[in-house]
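The values are calculated or read from the model by the stated rules, or taken from the named source; none is laboratory data. Given the structure is predicted, the values throughout are model-derived calculations rather than measurements. For neighbour counting, all protein chains shown are included, and Cβ atoms are generated from backbone atoms with ideal geometry for every residue, glycine included. When the accessible area is computed, the model is the full protein with side chains, heavy atoms only, and any ligands, DNA or RNA have been set aside. Shrake-Rupley method; radii C 1.70, N 1.55, O 1.52, S 1.80 Å.
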Amino acid sequence: MTWAPVEAKLRFALDARLTVLLVENGIEKLIGFSAEDFLSSRVKLRDRIHADDADIAGMLFSPHSEIKSGTFNIRLRHADGRIRCTRGEYRKMPAPGCVSGSLELLLQDAKSLWKNPDAEPISAHFRALMENTDDYIFFKDRNHVF
């Protein structure tokens, strides 16, 4: 059985309008809008970012940021109104015809990155804690998935 994460690549010119240069078709599966919606500016990625993640968006879309690549977790509003937790990788680089350069994003649905927790051994201390508590305990993985 083959497994593939739900993901999409996007590229923006880091100009005042954040011109969309490239959008892969995987974006529709990820947040419910077609590549053409982004390329024609009917939908803007910045508008789909959760308000509490504005600091991350500011860093990503700033042409003056010192950090040129990295990873992040961000919440995006899907076309159906639900929030989708997304893991992202970004890279800022010079681009021909663009003074401020470009931003390349790889966005992945965090739920599709889930790994089988049974593959990792459980410590004796953790097992004892779980067996001796009546409290409700919830866990999230590193991609914020319960």
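Under 8 Å for C-alpha pairs, at least 6 residues apart: give me the relative contact order for the chain, rounded to a whole percent.
24
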message = Rounded, prolate or oblate, given the Cα gyration tensor of the stretch 23-105, with a/c below 1.5 counting as rounded?
response = oblate
request  = With a 1.4 Å probe and every protein chain left in place, work out the accessible area per residue of the chain in Å², rounded to a whole number.
outcome  = 68
remark   = So the carbon and sulfur contribution to the accessible area of the chain, 1.4 Å probe, in percent, is 52
inquiry  = Using Cα springs under 10 Å in a Gaussian network model of the chain, which residue among His78, His64, His50 shows the largest mean-square fluctuation?
reply    = His64
inquiry  = Below 10 angstrom from the Cβ of Ile49, what's the summed charge of the other residues (Lys, Arg +1; Asp, Glu -1)?
reply    = +2
key: Global form of the chain, assessed from the alpha-carbon gyration tensor, a/c cut-off 1.5   = prolate
inquiry  = Using a Cα-Cα cut-off of under 23 Å, which lysines could be cross-linked to Lys68, ignoring same-chain neighbours fewer than 8 residues away?
reply    = Lys9, Lys44, Lys92
note = Between Asp134 and Asp53, Cβ-based FRET efficiency (R0 35 Å, step 0.05) works out to 0.50
query = For Phe72 and Lys111 in one chain, what is 0.36 nm times their gap in residues minus the Cα-Cα distance, to one decimal in nm?
reply = 12.6 nm
message = If amide hydrogens are placed 1.01 Å from N in the peptide plane, which non-local residues have theirs closer than 5 Å to the one on Gly32?
response = Ala79
